[in-house]
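Have a look at the structure below, then the notes.
What follows is calculated from the coordinates using simple rules that are stated; it is not laboratory data. Keep in mind that this is a model prediction, so the values were computed, not measured. Cβ sites come from the backbone with ideal geometry, for glycine too, and all protein chains shown count toward neighbours.
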Amino acid sequence: MSNRGGEPSAASHVPALAPLEAAVERAVEEIRAVRERAAQAEARAERSEQLLRQFVDGREDPGELANRVAELEAENENLRARIEQGREGVDSILASIRFLEDRR
């Protein structure tokens, strides 16, 4: 029997399924991404809870941590200044080398 005027055959549905399949694939990928972000957020939340427990239990002193942060920031600034001085020294040496090469 032919399929005239009746329901389309299964073969004629295949091209029509492509947009649906693409939409389902995008939805699945989005669900995977959401699950991954949720797992990361749960890990961060757990770490935050652990840190909070350390403060509440008195294992970590906020004042000491603030002092340590200030020390590290000062050390960081000092290191940045030393790096800049080093760069200036390197630039000076390179300029001298270029000058000597030009004199040859």
Legend entry - Length added when fully stretched, L20-R53, from 0.36 nm per residue minus Cα-Cα: 7.0 nm
Legend entry - Ellipticity estimate at 222 nm from DSSP helix runs (n ≥ 4, -39,500 (n - 2.57)) divided over the chain, nearest 500: -32000 deg cm²/dmol
Inset, instruction - First measure r as the distance between the Cβ atoms of A66 and R32, then evaluate 1/(1 + (r/R0)^6) with R0 = 35 Å and state the FRET efficiency to the nearest 0.05. - result: 0.30
Legend entry - Correct choice for semi-axes √(5λ) of the Cα gyration tensor in Å that was computed from the model, options (i) 19, 15, 13; (ii) 31, 17, 11; (iii) 63, 37, 6: (iii)
